[in-house]
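This report refers to the structure that appears directly beneath it.
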Amino acid sequence: MTITDVDSAVTALLGAERLRQDRDRVTEEWDGLDEQTAYEVQRRLIAARLDGGEELVGFKLGLTSRAKQEQMNVDAPISGWLTDAHQRCNGEPVKVAGYIHPRIEPEIAFILDKELAGPGCTREDVKNATAHITAAFEIIDSRYRDFSFALPDVIADNASSAGFVLGSTICQPGDFDLINEEVTLLVDGQEVATDTGAAVQGDPAQAVAEAVNQISERGQTVPAGAIILTGALTDAVFLQPGSSFTARFANLGEIKVSCV
Ligand code: OOG
Ligand code: MG
């Protein structure tokens, strides 16, 4: 199938996810795909999922670390949307064969009790709209071969969204300093990475404010009740059947995912 427009891109990306079959970058076939049109692909892809009966539950930021942004030549995060089909229960084993080449990354999640809208959204607005904060693990699974993409590709692919698990420790904004919140990622009990909240553009709440302002340019807001995944705190690691993955936070508790 050749991709030449928004509809064919949506069909190709949804098909790759359903069949668990990686594919060429969209930009290889659709030369002129720019970021704005890629967000239109993403919007239509989510609309198709919601038409199929899924429910919108959240919003996610991607490429929030300065290092990743420099690598992709962007100065703001990209974003995507989460549905109930992405949510996994804490403690439920994750089936690696259900994905193409899944990776997992520890994140900080904000749960809103008020809508967030831009322009002019600030980190204070984000904190005021937040009911609570919890640990999260995001599962990403690019639909592109070897996780290799240009910025419009990954935007169209809903920022590689594939799943997420929320932790069970609930904190309020202001309970502790999120910027210095430390996380350690363990694979089969061995530490593989450690970092702090500052890895997310210096401040996760600021990163959310910037993303909210960015989506307001497309007339979008983040609704009350939404879960916001604020972006990876460490590099993502590949899931392997038989392995376990733990995100151990200083204040936000621990999440463990076992893979089959
Ligand atoms: C894009 C999604 C990145 C994050 O937290 O940075 C992301 C990717 O690396 O495939 O979710
Ligand atoms: Mg992520």
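The values are calculated or read from the model by the stated rules, or taken from the named source; none is laboratory data. Because the structure is predicted, anything quoted here is derived from the model rather than measured. With ideal geometry, Cβ positions are generated from the backbone for all residues, glycine too; neighbour counts draw on all protein chains shown. Quick note on the areas: whole protein, heavy atoms, side chains included, nothing else; ligands and nucleic acids left out. Shrake-Rupley method; radii C 1.70, N 1.55, O 1.52, S 1.80 Å.
Output the number of the condition that Leu112 fails; it satisfies all remaining conditions of (1) within 12 Å of ligand 1 (Cβ to nearest atom); (2) within 21 Å of Ile179 (Cβ to Cβ).
Result: Leu112 fails condition (1) only.
Taking into account only those residues within segment 73-93 that are part of a loop (DSSP other than H, G, I, E, B) and among the charged types (D, E, K, R), which is farthest from ligand 1 (Cβ to nearest atom)?
Glu92
Does segment 104-125 hold any residues that are within 16 Å of ligand 2 (Cβ to nearest atom) and open to solvent by 60 Å² or more (accessible area, probe 1.4 Å), and which are they?
none
Just the residues that are farther than 24 Å from Asp34 by Cβ and either open to solvent by 10 Å² or more (accessible area, probe 1.4 Å) or over 17 Å from the mean Cα position of the chain (by Cα) (or both), please, taken from segment 73-86.
Asp84, Ala85 - these are the residues of segment 73-86 that are farther than 24 Å from Asp34 by Cβ and either open to solvent by 10 Å² or more (accessible area, probe 1.4 Å) or over 17 Å from the mean Cα position of the chain (by Cα) (or both).
State which residue pairs qualify: first residue more than 18 Å from Val222 (Cα to Cα) and open to solvent by 10 Å² or more (accessible area, probe 1.4 Å) and inside segment 129-154, second residue hydrophobic (A, V, I, L, M, F, W, C) and in a strand (DSSP E or B) in any location, beta carbons under 9 Å apart, and separation of 6 or more residues or different chains.
Ile140/Ile104; Ile140/Ala162; Phe147/Ile140; Leu151/Ile78
Any idea which of Glu70, Glu55, Glu107 is over 18 Å from Phe147 (Cα atoms), under 19 Å from the mean Cα position of the chain (by Cα), away from ligand 1 (no atom under 12 Å from the Cβ) and among the charged types (D, E, K, R)?
Among Glu70, Glu55, Glu107, only Glu55 is over 18 Å from Phe147 (Cα atoms), under 19 Å from the mean Cα position of the chain (by Cα), away from ligand 1 (no atom under 12 Å from the Cβ) and among the charged types (D, E, K, R).
For segment 220-260, what are the residues that are over 23 Å from Leu116 (Cβ atoms), under 19 Å from the mean Cα position of the chain (by Cα) and either open to solvent by less than 20 Å² (accessible area, probe 1.4 Å) or without any contact (Cβ under 8 Å) to a residue 12 or more places away in the chain (or both)?
Correct list: Thr234, Ala236, Leu239, Phe245, Thr246, Ala247, Phe249, Ile255, Val257.
How many of the residues in segment 211-238 are more than 14 Å from ligand 1 (Cβ to nearest atom) and not β-branched (Val, Ile, Thr)?
Number satisfying all stated conditions: 11.
Within the set of pairs 6+ apart or on separate chains, which have a first residue in segment 155-168 that is touching a residue at least 24 places away in the same chain (Cβ under 8 Å), a second that is of a type in the set (Ser, Thr, Tyr) and more than 9 Å from ligand 1 (Cβ to nearest atom), and C-beta atoms under 6 Å apart?
What qualifies is Ile155/Tyr39; Ala162/Tyr99; Leu166/Thr134; Gly167/Thr134.
Could you pull out the residue among Pro119, Pro173 that is away from ligand 1 (no atom under 16 Å from the Cβ), more than 23 Å from Ala47 (Cα to Cα) and modelled with pLDDT of 95 or more?
Matching residue, one of Pro119, Pro173: Pro119.
Which pairs turn up if I take residues in segment 38-58 that are under 16 Å from Val26 (Cβ atoms) and in contact (Cβ under 8 Å) with a residue 40 or more places away in the chain and look for partners that are among the charged types (D, E, K, R) and outside any helix (DSSP H, G or I) with beta carbon separation below 8 Å, at least 6 apart in sequence or on another chain?
Matching pairs, first to second residue: Tyr39/Arg218; Gln42/Asp157; Arg43/Arg218.
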